[in-house]
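Worksheet: one structure, shown below.
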Amino acid sequence: MATRSLVVLEDEYGAVVLYKHYDGYPEFMLLFLEEFAKWYAKKVERLTGYFPHFLWQGDDVAAALIYFDYIEAIKMWKRLGRSEPPRPSPDVRPTNLQKREALSRENCMDEDYVYHVVLQRDLTWKVTVYEKRGGLSEKEVREIDLASFVSEETLKRYPEFLRPESPRVRAAVKKMRQDAQS
C-alpha cells in the first residue's frame, strides 16, 4: 500500500496543492523536499542568473517539484537497469484541491500526511508536517534555508537573503568583511 500525501505550497498570493502517491511518509518526504530545495536553488541560480522570485512563488516551485520528482524516478529506474519508469506521468502531480480543503480535518481523501510548505521571500521554506489519520494533527516543523544552497557570489549580489542564523551564511559574511578590509 502506498503512503499518499499532499504538498501545499503557499506563497503570499495563494497556494498550489500537489498530490504524491508513493513514499509520503515524513522520513522520506522531508529529505526529498530538502534535496529538491538544494537542487532547485542551484538550478535557478545557474539557469536564470538568479532571479530569487522563482524560489518563493508557489506555481514555479510546484512545476519544478513535479519535474524533479520525475527525473529522480528516471534515475532510479536506470539504476535498476530499466530505461524509464513504467508510466508516463510523475508521482507528484497537481490536484484540484484548495488549501483549505487540503488542510481540513473533514477532508475524506485517503492521504496519510500533508506537508504545508510556506514559501517566504527571505528564502526560508517552513515545512509543517500534518498526520491525517483520525483527524489532522501537527507532527513536525522544519525550516529549509535556500540561501545556504547558493554561491557566495549570489549572496553578495542579493544581501537581503543573508541571515545570520545560517552557519554557511555567517561564514560568507565573515569572509566578505575580511575581503572588504583587505
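Using a 10 Å cut-off on Cβ atoms, rank the peptides 66-75, 119-128, 4-13 from the highest mean neighbour count down.
4-13, 119-128, 66-75
Working from the pairwise distances between different alpha carbons, so that the mean of 1/r is found and then inverted, what is region 5-149's Kirkwood radius in Å?
Here the Kirkwood hydrodynamic radius works out to 15.7 Å.
Return the long-range amide H neighbours of E140 (sequence gap of 5 or more, or a different chain), with a cut-off of under 5 Å between placed amide H atoms.
Under 5 Å from the amide H of E140: V129.
Between I74 and K174, what FRET efficiency follows from the Cβ-Cβ distance if R0 is 45 Å, with the result rounded to 0.05?
0.65
Tabulate in residue order the Karplus-calculated ³J(HN,Hα) for region 14-27, using 6.51 cos²θ - 1.76 cosθ + 1.60 with θ = phi - 60°, rounded to whole Hz; enter x for Gly and Pro.
x, 9, 10, 10, 10, 10, 10, 7, 10, 6, x, 6, x, 4
Readers should treat all values here as calculations from the given coordinates under stated rules, not as data from a laboratory. None of the values given here were measured: they were computed from a predicted structure. Virtual Cβ from ideal backbone geometry, glycine too; neighbours counted across all protein chains shown.
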